Amino acid sequence: MSECQRGFTLLEAAVTVLIVAVCLALAAVILADAQPLFAGAGRRLTDPLTGRVAEGLRTDLQGAAFVLVTPAGEQGDPLCLARPGNEEVVCWRQDGERLLREVWRDGDRVAEAVWLQRLVLWQWFEPVPGLVRVEVRFARAPDPRPRRTAARTAVATESLVVALRGGGRVGSW
């Protein structure tokens, strides 16, 4: 090339295109590997039990000194947990299609919050003292993406098994 001409040679352009193609191929592989991770994270965010509800239940169960036996005749089967060192009791119970978490102090309810909507079934039991198994069945939210077929609401069942810190002594409330 003469000194007054400017530009790239064909070889320089081919090397540049090759480098860009290799970079795009590597990016495609990385994105393909990351796609299942993003999909799993999205499911965890939209699935209420694997997120906030499971973490709240796990935290309350692990921090409980023992499970309280509740009086018969209440709606559903409340899971009442006594916290060590104070007079606070945390109760999880079914109220129709809602899962409620209540905090009681000195016999008075001081807090109540709805932790799960579309609840189908709530049950718990102690297979052995100190170990609590919770089973929750709930209707998943319908998929918001448009489909040609009618949207079905799927029912999911989740189980959680947690050991109590206090060894599972059973008290009465």
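Read the figures in this text as sums done on the coordinates, not as results from a lab. All figures in this text were calculated on a predicted structure; none of them were measured in a lab. Every residue, glycine as well, gets a Cβ built from its backbone with ideal geometry; the counts of neighbours run over all protein chains shown.
Taken along the Cα-to-beta-carbon direction at a fixed 7 Å, the label points for L37 and V161 span 3.0 nm.
For W124, what is the net charge nearby, where nearby means another residue's Cβ is under 9 Å from its Cβ and Lys, Arg count +1, Asp, Glu -1? Walk me through the intermediate numbers first.
On the way: positive: R133; negative: D77, E126, E135.
Its environment carries a net charge of -2.
Rounded to the nearest 0.05, the FRET efficiency derived from the C-beta distance between A113 and A28 at R0 = 35 Å is 0.20. The string of couplings for the stretch 52-65 from the Karplus curve (6.51, -1.76, 1.60, θ = phi - 60°) is 5, 5, 4, 5, x, 4, 4, 5, 5, 5, 5, x, 7, 7 Hz, one whole number per residue in order, with x for Gly and Pro.
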